Amino acid sequence: MGNGVKTRNNFIVGGQTMKEQVFYVDNIKIVLKEPKKTLIEKLFIIFGIALPIINVIVFWFIVNGSSIFLAFQEVQSGEYVWTFNNFKYIWDALKNPMSPVMEGFKNTMIFFSFSTFVQLPTTYLIAFLVYKKIPFANGFRWIFMIPGMVSAVVLTSCVKFMLAPGGPLPEIWNDLFGTKPIFFADSDYALGTMIVYQYWASFGGGILLYVANFSRIPKQLVEAGRLDGMSFFGEIIHVVFPLTWPFFSTMLMLQMSGIFGASGPVLLFTEGKYGTYTLSYWIYEQTISASGLTKGACIGFIMTILTLPIILIFKKLADSVEPIEY
Amino acid sequence: MKKNFEKHTIPEKICIVFTVVLFTVYSITLIYPFVWGILASFKSGAIEYFDDPFAFPKQFHFENYKTAIMLLEFNDIGFVDMVMNSLWFAGGSAVLSVLVTALCAYTFARYNFPFKNALYTFSVFIMMIPIYGSLPAQYKFYTQWGLRNSPLILVTALGAFGTSQFLIMTSYYRNLAKDYKDAALIDGASDFGVFFKVMFPQSRGIVITYIVTQFMASWNDYYSPMIFLDQMPTLASGLFTYQTVVERTGDYPLYFAGIFISAIPVVILYSCMHNVMVKNLSFGGLKG
């Protein structure tokens, strides 16, 4: 059956912690049970998990429960009353292409699509090149982290003036295309500019995580592949991607879970003007207006319900690919 | 580096050179706005700034940085007060959240208790499933319980579940050799002693990494302080709202001096810690 090793408060067999283990030796049944916990052990366990449990009860269950209740409430004569009016409001807003909600929904999908299908693969590729130690890789890794290192307020303040009238970018644009747009004050350009900004500024943090993950790949596998004629970029297809699939699929799942929260720095650049509303910004606006708390909660509730099946389907698909242990 | 490059084939070398050129151009586009902003911060004032925003300063006015510290204020909250708010908000939330997470992760890794697996699964669940639209409820709840505009807001940092840090740290503690713990127990240490004197010091690399990343994130966060600490602004949120003042006065050099002062701590922190961060920031993935 195997050898059992017992320590004071963990009962280990083959590296696994068990509550009870049954042995048969010469047909004699021997039952080894996990020793009872001492008072100090119990106090330590309570000490270790009490605060997080209280925190999750208060700041997750109660807050999110309140959010769900708020979705079904409305302020009438200073009192919260139960109603479905918020859902009717959202439904009417989604039917109206000119409403901020519909604009927010459309822009959110654009931001999500761009970040998932353009930004994520680009970050992966750049991280691979940094991991492969192309010339000046460490320097690039440091520089690419600058947008992640400094506050978005710092970055957007600098970029805003680059793009403002009189700045270098409108002048370059004028030389190339013969027009001088006001990038963040023109409905034709504002959303596109924000998407490009988001792409330009967002590589940094992702690269660190990917490079850290790629570093775990055994070099012997790569060398074996090279001996078999694997190319530099073939390494991504045949070695890196298959081995890091669990990590990549987790990152992709986190991306999918944020589908309705996808947004750019709307508050920092345009405050929702010039066709740049997103659902996240609309919820923020409802929150600070104080009178829109229930509507903001309602659309959040709808977004959460719609995200659940997406996550579950994606997780099922991701788990169907067997990870490679290494 | 040269040896690394030489072992590639010709087409690969061409790809690599092209990539290096592309990365260099991208790096220049990243650095240029900051260089421009720093140069603007040395100009004499609104007049010189608007005369030609993209010219070199006629003279480098280093006193702009001192003036920013002394004069920048918004809603009667001065620069120094904003720095203090940033320090307790970023430092407090980083230290508290990481310490609580480390303790909880160790407990999960090394002890059995009722509903342990259910709690762990729940933690993964809430990490994966976002709850949208909780901001209004949060706002209402924090206001009702006096957490807004108060250091008490730091209690929200006393959590572990639903974070990737918790999952990574649990895995980390699980992989630490149990011999350290057994030896400490044999020497008469209690469970508290084992954690605080043996296991926690073993994990200082990953703990420090997470404290630094959390500190940087909280220091740079303008959104949460703007909503929940509107009367106690941090540097990030205060400088963001100060933009409305700048648009009236035109004193952009002073404003840029202020925002670059706010960037100094995190740039120094990252420069010192980025190798340690890369070593400690990784996780395999989640299945099941």
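Taking the Cα centre as origin and putting +1 on Lys and Arg beta-carbons and -1 on Asp and Glu beta-carbons, what dipole magnitude results for the protein assembly as shown, to the nearest 20 debye? Don't skip to the end; give the middle numbers.
Numbers: 42 positive and 37 negative charges, 421 e Å.
Dipole of the protein assembly as shown, to the nearest 20 debye: 2020 debye.
For the residues A:188, A:26, B:76, B:191, what sequence is obtained by ranking on other C-beta atoms within 10 Å, fewest first?
If I rank by nearby Cβ atoms, fewest first, I get A:26, B:76, A:188, B:191.
Which of these, B:112, B:85, B:64, has the largest mean-square fluctuation under a Gaussian network model of chain B (Cα springs below 10 Å)?
B:112
Looking at the stretch A:72-134, which chymotrypsin sites (Phe, Trp or Tyr not before Pro) are in a loop (DSSP not H, G, I, E or B) and have at most 12 other Cβ atoms within 10 Å? Please report the intermediate quantities before stating the final value.
On the way: sites: A:72, A:80, A:82, A:84, A:87, A:89, A:91, A:105, A:111, A:112, A:114, A:117, A:124, A:128, A:131; in loops: A:72, A:84.
Here the sparse-neighbourhood loop sites are A:84.
If I fit a long axis through the Cα atoms of helix A:293-319 and take the longest principal axis of the Cα atoms of chain A, what angle between them do I get, 0 to 90°, rounded to 10?
For helix A:293-319, the angle is close to 50 degrees.
So what is the calculated 222 nm ellipticity per residue for the protein assembly as shown, using -39500 (n - 2.57) for each DSSP H run with n of 4 or more, over all residues, to the nearest 500 deg cm²/dmol?
Values: 30 runs with 375 residues, N = 614.
After summing the helix terms and dividing by the residues of the protein assembly as shown, the value is -19000 deg cm²/dmol.
Over all residues in A:240-249, what is the mean tally of Cβ atoms on other chains that come within 10 Å of each residue's Cβ? Intermediate results must be reported in sequence, preceding the final value.
Numbers: counts 0, 0, 0, 1, 2, 2, 5, 5, 1, 3.
Per-residue shielding by partner chains comes out at 2.
Shape verdict for the stretch A:228-326, please, from the Cα gyration tensor: rounded (a/c under 1.5), prolate (a/b greater than b/c) or oblate. List each step's numbers first, then the result.
Values: a/c = 4.88, a/b = 2.14, b/c = 2.28.
Oblate shape, in that a/c is at least 1.5 and b/c is the bigger or equal ratio.
Would you mind telling me which residue in B:190, B:44, B:171 has the biggest mean-square fluctuation in a Gaussian network model of chain B, where springs connect alpha carbons within a distance under 10 angstrom?
Residue with maximal mean-square fluctuation among B:190, B:44, B:171: B:190.
Can you classify chain B as rounded, prolate or oblate using the Cα gyration tensor, where a ≥ b ≥ c are the square roots of its eigenvalues, rounded means a/c under 1.5, and otherwise it's prolate if a/b beats b/c and oblate if not?
Working: a/c = 2.27, a/b = 1.38, b/c = 1.65.
It comes out oblate by the Cα gyration axes.
Step through the residues of the stretch B:152-161 one at a time and calculate ³J(HN,Hα) from phi using the Karplus curve (6.51 cos²θ - 1.76 cosθ + 1.60, θ = phi - 60°), rounding each to whole Hz and writing x for Gly and Pro.
3J(HN,Hα) across the stretch B:152-161, in whole Hz: 4, 4, 5, 5, 5, 7, 7, x, 9, 5.
Run the dipole for chain A about the Cα centre, Lys and Arg Cβ at +1, Asp and Glu Cβ at -1, nothing else charged, and hand back the magnitude in debye, nearest 20.
Working: 23 positive and 20 negative charges, 211 e Å.
Charge dipole, chain A, about its Cα centre: 1020 debye, nearest 20.
Among A:223, A:285, A:41, determine the one that fluctuates most according to a GNM of chain A built with springs between C-alpha atoms less than 10 Å apart.
Taking springs between Cα atoms under 10 Å, the residue moving most is A:41.
With a ≥ b ≥ c the root eigenvalues of the C-alpha gyration tensor of the stretch A:54-125, is it rounded (a/c under 1.5), prolate (a/b larger than b/c) or oblate?
Working: a/c = 4.72, a/b = 1.41, b/c = 3.35.
The shape class here is oblate.
If each residue's Cβ is checked for other Cβ atoms within 10 Å, how do B:120, A:274, B:210 rank with the fewest at the top? All intermediate terms of the calculation are to be shown ahead of the outcome.
Working: B:120 15, A:274 20, B:210 25.
Going from sparsest to densest Cβ surroundings: B:120, A:274, B:210.
Work out the length of the dipole vector of the stretch A:83-237 about its Cα centre, built from +1 on the beta-carbon of each Lys and Arg and -1 on the beta-carbon of each Asp and Glu, and round it to the nearest 20 debye.
Details: 11 positive and 9 negative charges, 91 e Å.
Roughly 440 debye, rounded to the nearest 20.
Using only atoms on other chains, find how many Cβ atoms lie within 10 Å of each Cβ of peptide A:258-271 and report the average.
Averaged over the peptide's residues, the number is 1.
On C-alpha positions alone, give me the angle between the axis of helix A:190-201 and the longest principal axis of chain A, in degrees, nearest 10.
For A:190-201 against chain A, the angle is about 40 degrees.
Sorting B:260, B:56, B:113 on the 10 Å Cβ count, fewest up front, what's the list? List each step's numbers first, then the result.
On the way: B:260 22, B:56 10, B:113 15.
Arranged by neighbour count, lowest to highest, B:260, B:56, B:113 become B:56, B:113, B:260.
Laboratory data are not the source of any read-out in this text; all were calculated from the coordinates shown. Here the structure is a predicted model, which means the values were calculated and not measured. A quick note on method: Cβ atoms are made from the backbone with ideal geometry, for glycine too, and the neighbour counts reach across all protein chains shown.
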